[in-house]
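Student: Would you mind keeping the following structure in view while I ask a few things?
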Amino acid sequence: MFRTYSVLRNLSRQCNRRLLMQRENPASSVACGYKSHVSIDQLYPSSNPDFLRKKTEFQNEEQTLEKFEGFIPVDQLEISASRSSGPGGQHVNKVNSKVEMRFHLQTASWIPDWIKPRLLQQEHGRVTKDGFFVVRSDMTRKQMLNQADCLNKLRNMIYKASELPPEPTDEEIQLKQKRMAKAKAGVLREKRNRSLIKQNRTSPEF
């Protein structure tokens, strides 16, 4: 009982001392409270106590980027239909079942700006000289099903372009550095061998 009372009295004195220091120097706001002797700031005074909560730059960048929600406004697309190729009898020659869907990539407000260059790089064969992104489908003999297939293709392309590459681990970085060093050593060895071959080709001096 007496020991508990002495501990509380010492703790109260420490709090009063800190409050007095805070009043004398308001810039140094020291909180009054109990901290264990095995806390991070006691064991490592110069370390950051929130290092476990610190996120990498890649994760922060991924959170700040605007995401594609999957919504594609059909009214902002140019949709046209034509005769489909392939087998199907006389029905193919009578019905416009093939669907072509296009839109201007740079002015599409429903696609985040950071995804557009990645989409252009991955699907550069679908972009015309005027900057229109074209998707076609003649999978079925129904125009509405082909239109849905075009939307599904376009949605999957945008999702694929929005996937950021995973952050490389320390082992992968070290392995890449070893491979680069090995490749450079091989190039130097090849140059040295080639130089020796040329030196042996010269005529001897008498």
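Bear in mind that the values in this text are calculations on the coordinates, not laboratory data. Just so it is clear, the model here is predicted, and its values are computed rather than measured. Here Cβ is always computed from backbone atoms with ideal geometry, including for glycine, and neighbour counts include all displayed protein chains.
Student: Separation between the Glu66 and Thr107 pseudo-spin-labels, each 7 Å from Cα along Cα→Cβ, expressed in nm?
Tutor: Here the answer is 1.7 nm between the modelled labels.
Student: Note the full-extension length gain between Leu175 and Arg201 as 0.36 nm times their separation in residues minus their Cα-Cα distance, in nm to one decimal. Spell out each step's value before the answer.
Tutor: On the way: separation 26, 0.36 × 26 = 9.36 nm, distance 3.95 nm.
Going from the current span to full extension adds 5.4 nm.
Student: Once you list every other residue whose beta carbon is under 13 Å from the beta carbon of Arg179, what net charge do they have if Lys and Arg are +1 and Asp and Glu are -1?
Tutor: +2
Student: Another question about this same structure. Using the Karplus equation 6.51 cos²θ - 1.76 cosθ + 1.60 (θ = phi - 60°), what ³J(HN,Hα) coupling, rounded to whole Hz, does each residue of the range 141-150 give in order, writing x for Gly and Pro?
Tutor: Values per residue, Gly and Pro as x: 9, 10, 5, 5, 5, 5, 5, 5, 5, 4 Hz.
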